[in-house]
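The values are calculated or read from the model by the stated rules, or taken from the named source; none is laboratory data. None of these values were measured; they are calculated from a predicted model. Quick reminder, even Gly has a Cβ in these numbers, built from the backbone with ideal geometry, and neighbours come from all protein chains shown.
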Amino acid sequence: MGSALCRPFGLRTQGQTWRARRTRRALTARALECYLIALRSRDARAPDVTATLSSKLYDQAARLFPGGVNSPVRAWRNVEATPLFIARARGATITDVDGRTYCDLVGSWGAAIAGHAHPRVVAAVQAAAAAGLGYGAPCPAEVELGRAVAAAVPSLERMRMVSSGTEAVMSAVRVARAFTNRPRILKFAGCYHGHSDGLLARAGSGALTFGVPDSAGIPEAITSFTLVASYNAAAEAEAFVDAHGDSLAAVVIEPIAANMGVVPPEPGFLDRLRALTMACGALLVFDEVITGFRVAPGGAQELLGVTPDLTCLGKIIGGGLPVGCFGGRADVMAMLAPDGPVYQAGTLSGNPVAMAAGRETLALLDGRAYARLEALGARAEEGLVAALADSGRRGVVRRVGSMLTLFLGIDRARSYADVEGVDRAAFRRFFHGMLARGFYLPPSPFEASFLSLAHTEADVDAYVAAARAVLTEP
Ligand code: PMP
């Protein structure tokens, strides 16, 4: 093993020909593999590994991508560390480029419900890829995934496939505005609906107020059409509807919030929103990008028995590949081009490889699968609650099915105002303690942890035991 080959960075080749570039790529890939082998085998000739390969890659990445990442929460700022770079993931585990394997509770942020690289999903992707990576034309897999989605979520009378959750919610709001011919939307503090301009507003204190942008680069004029109420505060929503019902196009909500950590709706809250929207002529839009196919085949709307006008999906329906979807009432969706006047389009929408991954993933999610996910989730919750109580630490666990959050430092988590009070330092310690024990958790106190069909009871018990150990550390 030549030392030059083992130096994955700073590799220099001359010449700009295609052949030279191909050789350089091959060398770099070979060098990386060689480096990993040397590292794992503790080869005496291995290069200096005082820094991890993850940290070296992070240095490189920071010169390419703002913050070293292509999506901000991955940067691990909340836990005051730099991220692990991932080499591979399989089943319930994820392995970093330094060869360390962890039990994964991130699950590609909820997409990996069947576990990573499920053989059936991989085979479906390979078969689809072999038939062409994309056509920019209708293909059978779109119809197959669409039929599977419609069968599970009957409120989706018509739907459109897109490439991300952001795109799905942004487009659903556009359709709702066109259908109602009204400009305003009402959302809830702590709910995330992707990063389109009008949805990046949550209001500071949960007071009745017009939205202020959460991000630079968004004119206040845009978020002034976004009203923000507190989650689980039906009276606030009602006050908005009283004041602005005539100009309200849609109420947009995560029916089970998961982007401030898991915060389920209080009994009756969603029913109240259903009644309010019907009374004022606004549409009810459920953002089920996380909850769709996670909490039940029909998502939160099936679990909780409240039917929205429009639904947004993502994550699981792409089986790990980039897919979003929005849909709902046929009369509302008829607004969409080419049938109607609302323009929305996507070069890669309905991509055959992504459709195949989604279709195969949904095929794995039968009744037994959901029973298993519920059992694993309940086991994790029970264990964490007991560990928390025994540790004497303040905290609360909130869970729906296979997604859960341990909030440290607070006693109740029903709204964004509640969860804002979490003990961030305690979370940081918890995160790093769990990582050291082999558990890869979301690097923020405001995220859900996800279990998958690949996790076992033993995984859950080990996770609980690790949590107990970390929580009882002085
Ligand atoms: N809505 C919800 C509820 C989400 O959780 C997310 C992403 N976490 C989005 C929308 C945006 O999806 P994407 O990241 O695919 O754009």
statement: Taking the range 221-242 and keeping only residues that are among the aliphatic types (A, V, I, L, M), surrounded by fewer than 24 Cβ atoms within 10 Å (Cβ to Cβ) and modelled with pLDDT under 95, one is left with Ala221, Ile222
- line: The number of residues in the range 251-272 that are more than 16 Å from the ligand (Cβ to nearest atom) and either in contact with a helix residue (DSSP H, G or I) (Cβ under 8 Å, 6 or more places away or on another chain) or part of a loop (DSSP other than H, G, I, E, B) (or both) is 5
Enumerated strands (runs of 3 or more DSSP E) restricted to the range 61-173, each holding at least 2 residues that are within 16 Å of the ligand (Cβ to nearest atom): 158-162
query: Within the bounds of the range 387-402, is there any residue that is closer than 19 Å to Glu288 by Cβ, in the same structural domain as Ala172 (by TED's automatic domain parsing) and among the basic types (Lys, Arg)?
result: no
message: Among the residues of the range 87-102, what is the count of those that are under 20 Å from Gly319 (Cβ atoms) and surrounded by fewer than 18 Cβ atoms within 10 Å (Cβ to Cβ)?
response: 2
- prompt: What single numbered condition from (1) within 20 Å of the chain's Cα centre (by Cα); (2) assigned to a loop (DSSP other than H, G, I, E, B) fails to hold for Val422?
  reply: (1)
field: Subset of the range 356-392 that is touching a residue at least 12 places away in the same chain (Cβ under 8 Å) and of a type in the set (D, E, K, R) - its residue that is nearest to Ala178 (Cα to Cα)
entry: Arg359
- prompt: Do any residues in the range 258-282 that are farther than 15 Å from Val241 by Cα and in contact (Cβ under 8 Å) with a residue 40 or more places away in the chain have Cβ atoms under 8 Å from those of residues that are in a loop (DSSP other than H, G, I, E, B) and of a type in the set (Lys, Arg), where the two are at least six apart or on different chains, and which pairs are they?
  reply: Val263/Arg414; Glu266/Arg414
Among the residues listed as Leu362, Leu336, the single one being within 19 Å of the chain's Cα centre (by Cα) and modelled with pLDDT of 95 or more: Leu362
query: From the list Val353, Val285, Val289, which residue is touching a residue at least 40 places away in the same chain (Cβ under 8 Å), in the same structural domain as Asn181 (by TED's automatic domain parsing) and more than 30 Å from Ala417 (Cβ to Cβ)?
result: Val353
